[in-house]
Amino acid sequence: MSSTPIPFSSLHSNNNVKFQRNLSLSVVSLSLSSMASCSHMPWLKLQFLSVLVMFLLLSPSESATCSSQKFTNNNLYTNCNDLPTLQSYLHWTYDQEKATLSVAFIAPPAKSDGWIAWAINPNSDGMLGAQTLIAFKDSTGAMTVKTYNITSYKSIHESKVWFDVMEAKAEFSGGVIRLFATLGLPKSGITTVNHVWQVGSSVTNGVPDRHDFQPPNLNAKGTLDLSNGQSNDAGSSSVDSRTKRKNIHGILNVVSWGILFPVGAITARFLRKFEFGEPAWFYLHIFFQLSAYIIGVAGWGTGLKLGSESVGYQYSNHRNIGIALFCLATIQIFALFLRPKKEHKYRFYWNIYHHGLGYIIIGLGIFNIFQGLNILNPAKKWRSAYVIVIIVLAAIAVVLQLICWLMALRGKSNNKSTKPYDGYNDGGESRQQPLAS
């Protein structure tokens, strides 16, 4: 078994990140003093600022590319790829005459006691059916590489795989696992293979536990063109169709349950208190609630479709709350056809039911939206944007409620001031006597 080349730069990737951050701070400090001393030379100041901006725009992820990773014995692979997800890199060489594929897969596990995996899927582009190499620490703490034929998301078992593993080794240092292998492909003349990579957080009794199902994990797949050394990965150009549908599902439900339903409730509760609000508040309320219901049903349907495609994994709480919301909203909408007239003796009880159920729908809807945000895990700005929307709606409701209270107090005051004088003083204890003639 030949020695496996180890990428020297990857051993020190964390130190490089810290060094670059410290160096960036030093450059910022130097820039301030330099600009002060060079203020009389605008062109030099501008040139210095340009260099500074370009330097600060270089993030550690951009500088630590696969092309910059060196090997201690100078044994280089023919091709290398900065994989688009999970902070992973793949070095590889294909020997067409021998039909062998040598790979070096480098990635940080989800946690220090986790695992990394690289696989070839001969029949599909996903994880099911993938012929997998998984590297992790065994019970003694030593790194090991085992092979798995992934046939289920629920459990995996060590087994033979589609290719011949001629060499396999793994090492761990600096928070990164490096998996090295030489594979003998079973058929000559292969030009393209589907490859999949993954990381996990734990190993139980020598068996890797299930990984996360977040967008970076689901997009960890692509193809290797062995003939021309190119890689086409799912997350490198655009978001895959499943992630797009997740985004559509989230947007529809945020707009319906999280915005339109609360706006419709605010309209009905407060606009009717003003003279100009009659009868516009009723039609606006119907418009907002029906629009919210239609959009919400579309979002609910896309959620059911996504759930049916999530083989082996379900977000039960999010799903059950979504189904409950659909049922409650449907009852609420169709209850409009059973609304008694204002003078009917049951109208009071119908109002209690209608208002109470509406507030339950709004509360559950907002709660489930945050459940969905935790699942989808979008950029922080989207969660912050929705929090701001909720705060603004709550502030509007509070201000309108204060205005209504003031109007009510003013109305009582006006009624009291216009009450006919009945001869009693404020205490109501005596009556004014007529003047003596």
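The values are calculated or read from the model by the stated rules, or taken from the named source; none is laboratory data. Computed from a predicted model, the values in this text were never measured in an experiment. Don't worry about glycine lacking a Cβ; one is built from the backbone with ideal geometry, like all the others, and counts go over all protein chains shown. These area figures cover heavy atoms from the full protein model, side chains too; ligands, DNA and RNA do not enter into them. Shrake-Rupley method; radii C 1.70, N 1.55, O 1.52, S 1.80 Å.
Spin-label point model (7 Å from Cα, Cβ direction): what's the residue 187 to residue 98 distance in nm?
With each label point 7 Å from Cα toward Cβ, the separation is 2.3 nm.
Using heavy-atom solvent-accessible surface (probe 1.4 Å) with all chains present, what is the largest-first order of 158, 171?
Largest accessible area first, the list is 158, 171.
Report, to the nearest whole %, how much of the accessible area of segment 103-215 belongs to carbon and sulfur atoms, 1.4 Å probe, protein only.
Its accessible area is 46 percent carbon and sulfur atoms.
What full-extension length gain, to one decimal in nm, is calculated for residue 388 and residue 223 as 0.36 nm per residue of separation minus the Cα-Cα distance?
Result for the pair: 55.3 nm of gain on full extension.
Based only on Cα atoms, what mean projected area does the convex hull of segment 294-372 have, in nm²?
5.7 nm²
Can you give me the solvent accessible area of residue 273 with a 1.4 Å probe, rounded to the nearest 10 Å²?
Counting only protein heavy atoms, residue 273 exposes about 120 Å² to solvent.
For residue 111 paired with residue 138, estimate the spin-label separation in nm (one decimal), with each label point 7 Å from Cα along the Cα-to-Cβ line.
For the pair residue 111/residue 138, the computed spacing is 2.3 nm.
Could you check how much of the accessible area of segment 289-363 is carbon and sulfur, as a whole percent, using a 1.4 Å probe? Mind showing how you got there, number by number?
Details: 3200 of 4670 Å².
Summing carbon and sulfur atoms, their accessible area is 69 percent of the total for segment 289-363.
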